[in-house]
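Everything below concerns the one structure shown next.
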Amino acid sequence: SAMNAFSAADLPGALAPMGFFDPLGFAEKADEKTLKRYREAEVTHGRVAMLAVIGFLVGEAVEGSSFLFDAQISGPAITHFTQVPDGWDALIITFIGAAEAQRAQIGWVDPADASYDQPGLLRDDYYPGDIGFDPLGLRPEDPEELNLMITKELQNGRLAMLAAAGFLAQEAVDGKGILEHFSL
């Protein structure tokens with residue numbers, strides 16, 4: 001099952017026709033602990049990218065009509081954060097820091113208890129990305145269904161990472177919001 005097997009051959013996330021995609025051979029050179037860190041990074045970056053894509057689209061769609069900040073934030077989404085009034089950025093960073101600290105306490109070995117040559121060591125009983133947050137009770141009990149759900153999350157995260165990178169690049173190149181490109 002996804003929760004107890006951790007080798008490149010058993011990882012959820014591989015789909016036909018590509019199968020397990022690792023053209024540079026990182027997984028074959030990695031031990032179990034390193035592979036778990038790679039997967040933790042992939043899941044986390046995928047989740048952040050999914051939120052970023054939604055943020056791009058929603059932020060630009062409600063531009064000028066939001067009750068937040070007197071509807072003064074406008075333009076491409078890549079400029080929105082710099083338009084947030086002073087003080088809000090500190091609050092946002094505090095919330096992000098608190099969420100990251102909680103995730104680290106759940107998944108990582110305390111640095112004081114880890115060897116100096118093993119930075120970022122994950123707990124043995126921790127499955128990458130499983131921080132116990134499931135308020136809607138969507139997590140399946142069946143291991144096969146769980147593997148399928150993990151694969152879906154990874155695939156959506158991978159797509160979102162590409163989409164967010166494309167959104168950033170496009171807005172940086174022409175200074176127009178993503179939704180502006182679709183207006184007729």
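Would you please name the residue that is farthest from the chain's Cα centre (by Cα), looking only at residues in segment 148-182 that are more than 13 Å from PHE56 (Cα to Cα) and of a type in the set (Asp, Glu)? If we take residues in segment 148-182 being more than 13 Å from PHE56 (Cα to Cα) and of a type in the set (Asp, Glu), then ASP174 is farthest from the chain's Cα centre (by Cα). If you go through segment 154-169 one residue at a time, do you hit one that is surrounded by 13 or more Cβ atoms within 10 Å (Cβ to Cβ), of a type in the set (S, T, N, Q), touching a residue at least 24 places away in the same chain (Cβ under 8 Å) and touching a Leu at 6+ places or on another chain (Cβ under 8 Å)? Looking through segment 154-169, at least one residue is surrounded by 13 or more Cβ atoms within 10 Å (Cβ to Cβ), of a type in the set (S, T, N, Q), touching a residue at least 24 places away in the same chain (Cβ under 8 Å) and touching a Leu at 6+ places or on another chain (Cβ under 8 Å).
State whether the residues of segment 85-99 include one that is of a type in the set (Asp, Glu), farther than 18 Å from VAL48 by Cα and more than 18 Å from the chain's Cα centre (by Cα). Yes, there is a match, as at least one residue in segment 85-99 is of a type in the set (Asp, Glu), farther than 18 Å from VAL48 by Cα and more than 18 Å from the chain's Cα centre (by Cα).
Every test in (1) in a loop (DSSP other than H, G, I, E, B); (2) modelled with pLDDT of 85 or more; (3) under 13 Å from PRO128 (Cβ atoms) is passed by ASP86 save one, and that test is (3).
Could you check, for segment 126-134, whether at least one of its residues is in contact with a strand residue (DSSP E or B) (Cβ under 9 Å, 6 or more places away or on another chain) and either surrounded by 11 or more Cβ atoms within 10 Å (Cβ to Cβ) or among the hydroxyl-bearing types (Ser, Thr, Tyr) (or both)?
Residues of segment 126-134 in contact with a strand residue (DSSP E or B) (Cβ under 9 Å, 6 or more places away or on another chain): 126, 128.
Imposing the further condition that a residue be either surrounded by 11 or more Cβ atoms within 10 Å (Cβ to Cβ) or among the hydroxyl-bearing types (Ser, Thr, Tyr) (or both) reduces the set to 126, 128.
Yes.
Name the single residue, out of those in segment 170-184 being open to solvent by 50 Å² or more (accessible area, probe 1.4 Å) and in a loop (DSSP other than H, G, I, E, B), that is modelled with the lowest pLDDT.
The first filter runs over segment 170-184 and keeps only residues open to solvent by 50 Å² or more (accessible area, probe 1.4 Å), leaving 170, 172-174, 176, 179-184.
The next check asks that each one be in a loop (DSSP other than H, G, I, E, B); those that pass are 176, 183-184.
On the way: LYS176: 90, SER183: 75, LEU184: 44.
Result: LEU184.
Set side by side, the residues PRO135, PRO128, PRO143 differ, and just one is of a type outside the set (D, E, K, R) and in contact with a Ser or Thr (Cβ under 7 Å, 6 or more places away or on another chain), which is PRO143.
Note on segment 1-58: among residues that are among the acidic types (Asp, Glu) and assigned to a loop (DSSP other than H, G, I, E, B), the one that is nearest to ALA104 (Cα to Cα) is ASP31.
Being open to solvent by 40 Å² or more (accessible area, probe 1.4 Å), out of contact with any Ser or Thr (no Cβ under 8 Å at 6 or more places or on another chain) and either acidic (Asp, Glu) or in a helix (DSSP H, G or I) (or both) is the filter here, so list the residues in segment 59-79 that pass it.
Step one: filter segment 59-79 for residues open to solvent by 40 Å² or more (accessible area, probe 1.4 Å), giving 61-65, 67-70, 72, 74, 78-79.
Adding the requirement that they be out of contact with any Ser or Thr (no Cβ under 8 Å at 6 or more places or on another chain) leaves 61-62, 65, 67-70, 72, 74, 78-79.
Once the filter is applied, which keeps residues that are open to solvent by 40 Å² or more (accessible area, probe 1.4 Å), out of contact with any Ser or Thr (no Cβ under 8 Å at 6 or more places or on another chain) and either acidic (Asp, Glu) or in a helix (DSSP H, G or I) (or both), segment 59-79 yields ALA61, LEU68, PHE69, ASP70, ILE78, THR79.
When VAL109 is tested against (1) open to solvent by 80 Å² or more (accessible area, probe 1.4 Å); (2) over 30 Å from VAL173 (Cβ atoms); (3) within 24 Å of the chain's Cα centre (by Cα); (4) not polar (S, T, N, Q), only condition (1) is not met.
The values are calculated or read from the model by the stated rules, or taken from the named source; none is laboratory data. In this text, all values refer to a predicted model and were calculated from it rather than measured experimentally. Cβ: placed from backbone, ideal geometry, glycine included. Neighbour counts: every protein chain shown. Side chains included, ligands, DNA and RNA excluded: accessible areas come from the protein's heavy atoms. Shrake-Rupley method; radii C 1.70, N 1.55, O 1.52, S 1.80 Å.
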